[in-house]
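Visitor: So that we are looking at the same thing, I have put the structure below in structure tokens.
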Amino acid sequence: MPHSNSLADILRQRREKLAKLIDFPAVLWSGSPSARNFAANIFPHRSSSHFLYFAGLPLQNAAIRLEAGKMQLFMDDPAASSALWHGEMPNRDRIAEQIGADEAYPIIELEFHLQGVATIAVQDAASWTQQSQLLDRWILPQRAPENIDLELAKAIVELRLTHDQAALTEIRKAVSVTVEAHKAGMAATSTAKIEAQVRAAMEAVIIAHNMTTSYNSIVTVRGEVLHNEHYGNTLQPNHLLLADVGAETSTGWAADVTRTWAVNGKMSSTQRDIYDIVLAAHDACIDKIRPGVEYEEIHLCACRVIAEGLVNLGILQGSPEELVDIDAHALFFPHGIGHLLGLDVHDMEDLGDLAGYETGRERSSRFGLGYLRLNRPLRTGMLVTIEPGFYQVPAIINNTQVRENYKTSVNWERLTDFSDVRGIRIEDDVLVTDTEAEVLTAALPTQADAVEQLTCQ
């Protein structure tokens, strides 16, 4: 966090802003660690992002109560025996001082401070079970918030849609480490035998900066599998390697970056042709980012650029505008252009489309728009990803009905000339400023020649 403001000051400013949006108390739980196989063997704990936004520290088995700009902390002091295994840990009062809590109590006293409170579901079962029992209503992560909980969720969305300077300071730290990690992955590719070795080089940088990955890394020569989390494929000289890897700071702020490069350091002519189309879409989208611009229009900009590029290559046939209207482009670019980024890599998506979609809007039933994660006008201080791609997904392009439906729009024979392009994606983290876009990840090149230079070092 910046030196000019203490953590306590930053958190006070956030809860004072919340107090202007709601006139009822709220309780946010941090969540509890989950065990695997036996009770003492736990998964790494990740506090609820809504809790982190107002509490600032990655606590576990804790809760905060917010009302009229004030904060109460509920958590137990460490057990005396825990010092043997975990060393000396700060007690409740010390943590309360750090985060600027007005009062601090043992967790058991929380039940006496729940009259009329709103909350948001935590992801782990132990916590949402406790939430439901204490509040005497179902609080489930898979269930949309209702009534007073919905009002709280809307208020938090309003605050978290744009980032304060403290948040941006943390995000820039995550971005810096992520850029370094991608460069390490590119440099490691020439000697790596399998995907896992490139992944190891990338995640080693993140770990060395005392950070974690903000999501399960995607490092794969099977780029057509959009969320591929397997790392055993052998690297062959003619392969493209797609790496979607991001760092997360200790306080939960995330980066999200994708680059695609040639395993042998030099793309084939067909790979370069497709790469340049994806890059053109990427650049055109970033050029359009301004406050007030609709994110859906930025997505459609990418669709049109990709469609035009594929027409020029002879893969698609027809007018780019008409091809986008019939979703022909989506055969190769099926996902949305990006999403919100902040305390989560897909920020606030635990609330469904409440954050991503402007009030009154619903997801389209169109194939080319149904996976759009963000559909609202951009605002100053909003952080989004821009990540166009091209993929040859067998389940799509080999589908008999798809081939029949698009028999006049796709030159399927010409497509076979590009069989060495399974998947390409180029993703950057882009901040909306008062006048334009600031690419936070600009230190990592996107131009093919510059990327090839990094892979050939």
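Visitor: Counting only Cα, what are the radius of gyration and maximum Cα-Cα distance Dmax of region 233-300, in Å?
Guide: Radius of gyration, then largest Cα-Cα span, for region 233-300: 16.0, 46 Å.
Visitor: Quick one: Kirkwood hydrodynamic radius for the chain, alpha-carbon pairs, angstrom, one decimal?
Guide: Evaluated on the chain, it is 23.6 Å.
Visitor: Another question, if that's okay. Grab the Cα-Cα distance for C456 and A204, subtract it from 0.36 nm times how many residues apart they are, and report the gain in nm with one decimal.
Guide: In short, 88.7 nm is gained.
Visitor: Compute the long axis of helix 295-312 from its Cα atoms, compare it with the longest principal axis of the Cα atoms of the chain, and write down the angle in degrees, 0 to 90, nearest 10.
Guide: Orientation of helix 295-312: about 20 degrees from the principal axis.
Visitor: Using per-residue counts of other Cβ atoms within 10 Å, averaged over each peptide, order 179-192, 76-89 from highest down.
Guide: 179-192, 76-89
Visitor: Ranked highest first by average number of other Cβ atoms within 10 Å, how do 94-101, 110-117, 234-241 line up?
Guide: 94-101, 234-241, 110-117
Visitor: Would you please report the Å³ per residue occupied by the convex hull of the alpha carbon atoms in region 126-198?
Guide: Expressed per residue, the convex hull around the Cα atoms of region 126-198 is 160 Å³.
Visitor: With the crude spin-label approximation of a point 7 Å out along Cα→Cβ, what separation in nm comes out for L7 versus V293?
Guide: Label at L7, label at V293, 3.7 nm between them.
Visitor: Could you work out how much longer the chain between E103 and A443 gets when fully extended? Use 0.36 nm per residue separation minus the Cα distance between them, nm to one decimal.
Guide: 118.0 nm
Visitor: Please work out the average accessible area per residue across region 199-283, using the 1.4 Å probe convention, and give it in Å².
Guide: Spelled out: the 1.4 Å probe surface of region 199-283, per residue, equals 36 Å².
Visitor: If you don't mind, there's one more thing I want to ask. State, to one decimal in nm², a quarter of the convex hull surface area for the C-alpha atoms of region 288-376, i.e. the direction-averaged projected area.
Guide: 6.4
Visitor: Something else about it: Using the crude model of +1 on Lys and Arg Cβ and -1 on Asp and Glu Cβ, and no other charge, please compute the dipole size for the chain relative to its Cα centre, in debye to 20.
Guide: 620
Visitor: Over region 18-77, what is the relative contact order in whole percent, taking alpha-carbon pairs under 8 Å and six or more residues apart?
Guide: The value is 38 percent.
Visitor: Which entries in K20/K173; K183/K288; K193/K266 show an alpha-carbon gap greater than 25 Å?
Guide: K20/K173; K183/K288
Visitor: At a threshold of 8 angstrom on Cα-Cα distance, excluding pairs fewer than six apart, so keeping six or more, what relative contact order does the chain reach in percent?
Guide: Computed value for the chain: 15 percent relative contact order.
Visitor: Calculate the spin-label point distance for E16 paired with S190, positioning each point 7 Å from the Cα along the beta-carbon direction, and give it in nanometres.
Guide: Going from the S190 label point to the E16 one covers 5.5 nm.
The values are calculated or read from the model by the stated rules, or taken from the named source; none is laboratory data. In this text the structure is predicted, and so the values were computed from the model without any measurement. Heads up, the Cβs are rebuilt from the backbone with ideal geometry, glycines too, and the neighbour counts pull from every protein chain shown. Only protein heavy atoms, including side chains, enter the accessible area calculation; ligands, DNA and RNA are left aside. Shrake-Rupley method; radii C 1.70, N 1.55, O 1.52, S 1.80 Å.
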